[in-house]
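Please read the structure below before turning to the comments.
Since every read-out is calculated from the coordinates, none of them should be taken as a lab result. From a predicted model like this one, the values you see are computed outputs, not experimental measurements. Glycine gets a Cβ as well: all are built from the backbone with ideal geometry, and neighbour counts include every protein chain shown.
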Amino acid sequence: MMNQKDLALLAAKALDDKRAKDITVLKVDEMTVITDYMVIATGRSVPQVKALADNVEEELAKQDVFPKRTEGYAEGRWCVLDFGDVMVHVFHEQDREYYQLERLWADGTNEVELSFEPEEA
């Protein structure tokens, strides 16, 4: 069984594999009881947001990890995959800019270094 950090990094890699932009992983366990890690990424279009969410689900399913809840998939503007200890937020560009989750959850010390070099989009 993977630990939470490895799961968050696997989700980030799955996002990168489908060319997500601005992938961020935050360790938020000291800030909230909701989750331990947040993975945040941007898709360029509604179809890409959905494809990104699909790929995260598929890759984590290979580790027998499935979302407890999924929200926003049908609209494709802000999709949340809740894996319990890891929450994945996939935004359309304008929605990510508007909501700025990093401003709420980043404290300057809790960004997790990615274990891969993100592809240039």
Kindly rank 80-92, 102-114 from highest to lowest mean number of other beta carbons found within 10 Å of each residue.
80-92, 102-114
Along the Cα→Cβ direction, 7 angstrom out, place labels at Y73 and E102. What is the inter-label distance in nm?
2.7 nm
Rounded to the nearest 20 Debye, what is the dipole magnitude of the chain about its Cα centre when Lys and Arg each give +1 and Asp and Glu each give -1 at the C-beta?
320 debye
Over the chain: helical MRE at 222 nm, DSSP H runs n ≥ 4 each giving -39500 (n - 2.57), nearest 500
-10500 deg cm²/dmol
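By its C-alpha gyration tensor, with a ≥ b ≥ c as the square roots of the eigenvalues, how is the chain shaped: rounded for a/c under 1.5, else prolate for a/b larger than b/c, else oblate?
Working: a/c = 1.28, a/b = 1.11, b/c = 1.16.
In terms of gyration-tensor shape, rounded.
Can you give the FRET efficiency to the nearest 0.05 for E58 and T109, using r as the Cβ-Cβ distance and R₀ = 25 Å? The partial results should precede the final answer.
Working: r = 32 Å, r/R0 = 1.28.
Using R0 = 25 Å, I get an efficiency of 0.20.
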For the chain, modelled as a GNM with alpha-carbon contacts under 10 angstrom, which of E58, E93, E30 fluctuates the most?
E30
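In whole percent, what relative contact order does the chain give with Cα contacts below 8 Å and a gap of six or more residues?
Details: 219 pairs, mean separation 36.3, N = 121.
Dividing the mean separation by the residue count of the chain yields 30 percent.
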Under a cut-off of 17 Å between alpha-carbon atoms, report the aspartates and glutamates in cross-link reach of K50, not counting same-chain residues fewer than 8 places apart.
D16, D17, D22, E58, E59, E71, E75, D82, E93, D95
For the chain, set up a GNM with springs between Cα atoms under 10 Å and report which of K50, K21, K68 has the largest fluctuation.
K68
Only bridges whose two residues both fall in the chain count here: according to DSSP, what percent of them are antiparallel, nearest 5?
65 percent
